[in-house]
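Each reported figure results from applying straightforward, stated rules to the coordinates on display, with no laboratory input. This one's a predicted model, so the numbers in the text were calculated from it and none came from an experiment. Cβ sites come from the backbone with ideal geometry, for glycine too, and all protein chains shown count toward neighbours.
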Amino acid sequence: MGIGRFGIGLAGLNTFTRDPAAMICTACKRKQADRFIGDQFEIYNAPAEIALSCIASDSVELIATDPPYASGSNGLLGRSRSSHAKYRNTESAKLPELDRDAMLPEAWQAMMRGVWAECFRIAKDGADVLAFCDWRSLPMMMSTIAAAGFRSRSILVWDKGRRSRPQANGFRNQSEFILWFRKGTKAIDRDQPIYLDGVFRHATKTKKIHATEKPLALMSDLLQIAPPKSAVLDPFMGSGTTGIAAMDAGHSFIGCETSRDYFAMARRRLLEFAGTNADGAV
């Protein structure tokens, strides 16, 4: 496929302030997205804003994703470090680099505006959005999601426990946030109402296979917001944990991933979970 990062600039950073995908026609975008179809899932190896153009409008009930934060520091040089340096875990082997995690703020916002605009098109009326962020990326993440037309509902908290990174003479980085948005004001109808917690306590994983991997139990808890037999979309699927949680709950899954390494990892994990050795279809 040969799709790499868009743009040029300091230390390999993306310095576009416009969304590069907006300059590509829809037919050309679809040609650049490698698609794999399995039992109960469909995944794309392409940048999210390109892969999403292949997905039908008004077709998903939940968007649950952990986008690149492009943070990890208060300064530009810190943000430009490799993902392995930013998300180091002493119990993990060196993992494949995260794509699009070392972007200038203007480029990151342009990319995310394009992604959320496509997500709004794809989401059904009443569909929910769950988007992870940290305290540095929270204001910009909220503004880009709201700009697409989604309505803010609340901010959920993931309490990572004491395995999270401590700080000398300060407070432990023990929490991340999940932004909860909705398309429209009314939730999708379901037979029985549900009442979910707003704080989720799950220890961070050791021996990760993805630098920012989320616990499967956490994703399973969050996906309870989806009505039965929903279509769940993850525009930044990484190693595919959201997909496994979705299929385990009886939902179908659509995922997008730029990195070839992580796309291959997600495909393998999803196939193993689905219990199929099908070659997939393009």
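Count charges around residue 249 for me, please; just the other residues with Cβ under 13 Å from its Cβ, Lys/Arg as +1, Asp/Glu as -1. All intermediate terms of the calculation are to be shown ahead of the outcome.
Working: positive: 229; negative: 61, 221, 248.
Charge balance in the 13 Å sphere: -2.
Which entries of 124/214; 160/229; 160/183; 160/214; 160/205; 94/208 have Cα-Cα distances beyond 19 Å here? Don't skip to the answer; put the middle values down first.
Details: 124/214 26 Å; 160/229 29 Å; 160/183 29 Å; 160/214 10 Å; 160/205 9 Å; 94/208 9 Å.
Listed pairs above 19 Å: 124/214; 160/229; 160/183.
May I ask you to compute the full-extension gain from residue 261 to residue 40, defined as 0.36 nm times their residue separation minus their alpha-carbon distance, rounded to one decimal in nm?
Contour length minus the Cα-Cα distance gives 77.4 nm.
Near residue 230, within a Cβ-to-Cβ distance under 11 Å, what is the net charge of the other residues, with Lys and Arg +1 and Asp and Glu -1? Walk me through the numbers before you get to the answer.
Values: positive: 124, 190, 229; negative: 61, 128.
Around residue 230, the charge tally is +1.
Please identify every one of the trypsin sites (Lys or Arg not before Pro) in segment 155-264 that sits in a loop by DSSP and has no more than 16 other beta carbons within 10 Å of its own beta carbon.
Working: sites: 160, 162, 163, 172, 182, 183, 186, 190, 201, 205, 207, 208, 229, 260; in loops: 160, 172, 183, 186, 190, 205, 207, 208, 229.
Listed in order of number, the matching sites are 172, 186, 190, 207, 229.
What is the sum of charges, Lys and Arg at +1 and Asp and Glu at -1, for the other residues whose Cβ falls under 12 Å from the Cβ of residue 174?
Numbers: positive: 160, 162, 163, 165, 172, 201; negative: 134, 159, 176.
Charge balance near residue 174 sits at +3.
To the nearest 0.05, what FRET efficiency results for residue 192 and residue 217 with a Förster distance of 25 Å applied to their C-beta separation?
Result of the calculation: an efficiency of 0.65.
5 Å is the cut-off here: which amide hydrogens, built 1.01 Å from N in the peptide plane, fall below it relative to residue 38, excluding neighbours closer than 5 in sequence?
Answer set, sorted by chain and number: 43.
If you average 1/r across every pair of different Cα atoms in segment 177-282 and take the reciprocal, what Kirkwood value do you get, in Å?
Details: mean 1/r = 0.0657 Å⁻¹.
About 15.2 Å, per the Kirkwood formula over Cα pairs.
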